Amino acid sequence: MTAEPGSGVDPDSGFGAGFDARFDAVGIDDDTRLVYRYVLAQGTVRVDDVLRDVPLEGTDAAGMLARLRAAGLINRTSGGEGEYTAVDPRIALRALTERTETHLDRIRAAIPDLADLFEQTTDAGESGAGVHVIDDPALIGAWYTRLEHEVTGEFMAFDRPPYVLAGENPVEPLVLERGVLWRAVYAAEVLERPGAWAEMRYAASKGERARIARTLPTKLAIADRRTALVSSTLDPHRPTAIVVEGGPLVDLLCAAFEAVWADSIEVPATDSLEGAAPPDRGPGKDDRALLALLGSGAKDETIARELGLSERTLRRRSADLLRRLGAANRFQAGAQAVRRGWI
């Protein structure tokens, strides 16, 4: 929900002595603390709501929301509205304290107070085992971030539109730093968004193992083969998801992920648009990127844009690649590339 006009925040209420010091330990100052309390109390806010209702003077409300999001405490929804939603603090703050080894006890002591505010506006605090149906975009985003915070060994994901969170994911690099194996399969349609290919390769360079599939049936996230979040509808206006905690259904979703992963094209972590191999030689530095995009089923205009080529140059390089592989079409090229160990 959004804030109502005039619903200001009392800077001295709701937390008790010592709250400021606890959050100073992780780099959250007094003003940012007030903004965080405001998001928790309201559920969903915009920058203008913060400027109107939180008693701040001469401060950067947008910057404070960005810092809270970078810490994994709130999410930003996709689209032009610029809405921010709260993540369950009992999950988000625990993850934050693990990254800040000092003052652990003081941070954890604040969690119950913040959870009380969060539960006033959402049912996301319910975490019992079983199956949960979620039809609120903010709660779907909160569950996804929760899985990121809780995962310890392996994270698997199907990535395709529509999105309920902003495209960039500030939590994933923190998860990768913990040594988590992160595997993602992207639908080819993701490449229609400008800059998507560069984002995929950047994530791959940071440790994400990524592949591209022609199509994906749904959106999926699985943490430690134990908890899964799967979209049951793909309506961008009324998204619905199911959370499954344990049991054979999670095993089935893991098997489905592995089957799609095995049939998908790998995204190289790095490549260059220079240094193509001479004819009848092995793959050049840019060949693997071109093969991955051709095999994904992406449109020529999308591939050309992501590789920084003209469509004419793309057609020339594609024809040269097919000739070197002895292939008559893209499908044969992919098969020959796998057989030769190019991808």
(message) Given the criteria of a type in the set (Gly, Ala, Ser), at pLDDT below 80, under 23 Å from the mean Cα position of the chain (by Cα) and not in a helix (DSSP H, G or I), does ALA269 qualify?
(response) yes
(request) Considering each residue of the stretch 200-232, count those that are in contact (Cβ under 8 Å) with a residue 60 or more places away in the chain, touching a helix residue (DSSP H, G or I) at 6+ places or on another chain (Cβ under 6 Å), over 16 Å from GLY130 (Cα atoms) and surrounded by fewer than 21 Cβ atoms within 10 Å (Cβ to Cβ), and give that number. (result) 1
(request) Hey, could you check the stretch 53-73 for residues that are touching a residue at least 24 places away in the same chain (Cβ under 8 Å) and open to solvent by 60 Å² or more (accessible area, probe 1.4 Å) and say which is farthest from ARG90 (Cα to Cα)? (result) PRO55
(request) Within the stretch 159-176, identify whether any single residue is over 15 Å from THR77 (Cβ atoms) and either modelled with pLDDT under 65 or loosely packed, with under 13 Cβ neighbours inside 10 Å (or both), and answer yes or no. (result) no
(request) Name every residue in the stretch 272-303 that is modelled with pLDDT of 70 or more, more than 23 Å from the chain's Cα centre (by Cα) and within 13 Å of LEU314 (Cα to Cα), in order of residue number. (result) ASP287, LEU290, LEU291, LEU294, LYS299, ASP300, GLU301
(request) Look through THR240, THR215 and report the one residue that is over 18 Å from the mean Cα position of the chain (by Cα) and polar (S, T, N, Q). (result) THR215
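Select the helices (runs of 4 or more DSSP H) contained entirely in the stretch 134-248, then report the ones holding at least 2 residues which are of a type in the set (Phe, Trp, Tyr). Lay out the reasoning, then the answer.
Details: elements: 137-150, 172-177, 196-205.
Of the helices (runs of 4 or more DSSP H) lying wholly inside the stretch 134-248, those with at least 2 residues that are of a type in the set (Phe, Trp, Tyr) span 137-150, 196-205.
The values are calculated or read from the model by the stated rules, or taken from the named source; none is laboratory data. Source: prediction; values computed, not measured. Note that each Cβ is placed from the backbone with ideal geometry, even for glycine, and that neighbours are counted across all protein chains shown. Areas reflect the complete protein model, heavy atoms only, side chains present, ligands, DNA and RNA absent. Shrake-Rupley method; radii C 1.70, N 1.55, O 1.52, S 1.80 Å.
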